[in-house]
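The values are calculated or read from the model by the stated rules, or taken from the named source; none is laboratory data. Every value quoted in this text rests on a predicted model; they were computed, and no experiment measured them. No Cβ is skipped: glycine too gets one built from the backbone with ideal geometry, and neighbour counts run over all protein chains shown. Quick note on the areas: whole protein, heavy atoms, side chains included, nothing else; ligands and nucleic acids left out. Shrake-Rupley method; radii C 1.70, N 1.55, O 1.52, S 1.80 Å.
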Amino acid sequence: MKLRKPLFAALAAVIGAGTLLSSNLALAQKDWPTRSIQLVVPFAAGGPTDSIARLIAVPMGQALGQTVVVENVPGAGGTIASTKVSRAAPDGYTIYIHHMGMATAQALYEKLPYDPMTSFEYIGQVADVPMVLLGKKDLPANNFKELEAYIKANGAKVTMANAGPGAVSQLCGLLFQSRLGVKLTNVPYKGTGPALTDLLGGQVDLLCDQTTQTIPYIKDGRVKAYGTTTMKRLPAIPNVPTLNEQGLKGFEVKVWHGVYAPKGTPQPILDKINAALKKALNSPDVKKRLEDSNIDIVSMDKVSAKGLKSHLETEINVWGPVIRKANIPD
Ligand code: MLT
């Protein structure tokens with residue numbers, strides 16, 4: 001078939017523009033990054049997720065030759081940030097760190113504006129963080145047994161801080177209440193950074209938080225530690241018994257973290273981000289600072305798209321039934 005001349009010219013122009021566009025894209029991917037990269041954190045500044053983000057942002061930026069800027073987008077237990085990142089331009093200039101809330105949100109919210117399994121690219125797991133059940137300094141209970149008695153006597157007068165539905169502090173707190181068969185007054189914050197500030201100030205009674213920030217306060221007695229969410233005691237606070245050994249059999253919450261990008265971010269860029277993340281996690285300074293907070297860097301095979309995606313899928317399947325059985329949210 002013979003093409004009419006104007007149509008042929010138009011097609012040639014479109015094909016030419018397409019070729020130019022794809023070679024521009026290839027060039028943009030090759031040169032990436034040419035400006036700073038935004039690392040979105042789904043909780044308030046000063047909390048556990050923010051701290052891990054800031055810790056890896058510097059060495060990642062050094063590895064990539066551009067600054068990695070942390071942007072806090074708190075609210076709704078992390079789902080506001082997840083929505084924002086799922087809609088961001090897939091150009092490598094937006095990346096995202098989130099914890100296991102990426103897996104639990106589906107069971108906590110009726111409908112999410114994103115799908116954890118299809119709305120993102122996966123860069124790799126980062127670290128696993130234990131949690132500790134904390135109380136304000138002048139709470140009358142001095143150990144877990146006394147806390148149980150205090151809670152049974154005071155019920156909803158006892159307040160428990162959390163970072164909203166989807167936050168691990170909320171998950172831990174509500175699992176704890178479900179195991180004790182009590183309902184406390186749950187107080188949501190935009191992150192456990194501000195929640196911990198209020199616990200230190202005595203404005204709330206209890207908080208289940210990650211060890212990222214809490215170890216120094218436990219050690220100097222500014223908060224009470226009633227039990228860890230691990231099967232073994234933590235080396236940094238060996239005098240704090242596990243919740244498991246104090247009667248809450250099998251009470252285990254280990255907060256894993258992953259780094260993501262918007263769906264469609266080109267593979268060569270994802271590879272560069274992955275290499276920078278691995279480099280950051282292998283830096284002696286990062287290793288030491290995480291170790292001091294009893295945070296375990298994951299093995300390097302998990303710092304991969306495959307490692308993160310398959311872990312996310314497993315965790316969605318693990319936590320969905322646990323959350324439904326515990327009747328969360330309340
Ligand atoms: C935070 O960074 O504030 C926490 O990770 C919030 C939480 O999930 O409890």
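Here is how the numbers come out for the structure above:
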item: GNM result for the chain, Cα springs below 10 Å: residue of Tyr217, Tyr93, Tyr122 fluctuating most strongly; result: Tyr217
item: Heavy-atom accessible area ranking, 1.4 Å probe, most first, across Asp292, Asp301, Asp198; result: Asp301, Asp292, Asp198
item: Solvent-accessible surface ranking, highest first, for Ser51, Ser36 at 1.4 angstrom; result: Ser36, Ser51
item: Viscosity 1.567 mPa s, 4 °C: Kirkwood-radius Stokes-Einstein D of the chain over Cα pairs, µm²/s; result: 62 µm²/s
item: The range 130-228: Rg to Rh, with Rh as the Kirkwood radius over Cα pairs; result: 0.91
item: For Ser283, residues with placed amide H under 5 Å, excluding near neighbours; result: none
item: Whole-angstrom gap from the range 87-126 to the range 293-319, using each part's C-alpha centre; result: 14 Å
item: Cα-centred dipole magnitude for the chain, charges only on beta-carbon of K, R (+1) and D, E (-1), debye, nearest 20; result: 620 debye
item: Fraction of accessible area attributable to carbon and sulfur, the chain (%, probe 1.4 Å); result: 56 percent
item: Solvent-accessible area of His311 with every protein chain in place, 1.4 Å probe, in Å² to the nearest 10; result: 50 Å²
item: Electrostatic dipole magnitude of the range 24-123 [Cβ: Lys, Arg +1; Asp, Glu -1; Cα centre; debye, to 20]; result: 100 debye
item: Local net charge near Pro42, Cβ-Cβ under 11 Å (Lys/Arg +1, Asp/Glu -1); result: 0
item: Given Lys136/Lys263; Lys152/Lys232; Lys183/Lys219; Lys302/Lys325, the pairs whose alpha carbons are separated by over 32 Å; result: Lys136/Lys263
item: Qualifying aspartates and glutamates (Cα of each under 20 Å from Cα of Lys84; at least 8 residues distant if same chain); result: Asp50, Glu71, Glu110, Asp115, Glu121
item: Relative contact order %, the chain, counting alpha carbon pairs below 8 Å whose residues are six or more apart; result: 26 percent
item: Amide proton proximity set for Ala127, modelled H, under 5 Å, gap of 5+; result: His257, Val298
item: Helical contribution to [θ] at 222 nm, DSSP H n ≥ 4, -39,500 (n - 2.57), averaged over the chain, rounded to 500; result: -14000 deg cm²/dmol
item: Mean separation of Cα contacts under 8 Å, 6 or more apart, over the residue count of the range 130-228: relative contact order %; result: 48 percent
item: Local electrostatic count, Leu134, Cβ distance below 15 Å [Lys/Arg +1, Asp/Glu -1]; result: -1
item: Area of Glu313 that stays accessible when all protein chains are in place (1.4 Å probe, Å², to 10); result: 100 Å²
item: Label zone at Lys254 (point 7 Å along Cα-to-Cβ), backbone N below 14 Å, the range 290-307; result: 294-300, 302
item: Around Ile80: net Lys/Arg minus Asp/Glu count, Cβ-Cβ under 14 Å; result: +2
item: DSSP beta bridge pairing in the chain, given as percent antiparallel to the nearest 5; result: 60 percent
item: Nonlocal amide H pairs with Val187, under 5 Å, H built at 1.01 Å; result: Met160, Ala161, Asn162
item: Probe 1.4 Å, accessible area per residue of the chain, Å²; result: 45 Å²
item: For the range 251-262, 3J(HN,Hα) per residue [Karplus equation, 6.51 cos²θ - 1.76 cosθ + 1.60, θ = phi - 60°, Hz, x = Gly/Pro]; result: 6, 9, 10, 10, 8, 8, 10, x, 10, 10, 9, x
item: Listed residues Val126, Val303, Val318, most fluctuating in the chain (Gaussian network, C-alpha, under 10 Å); result: Val318
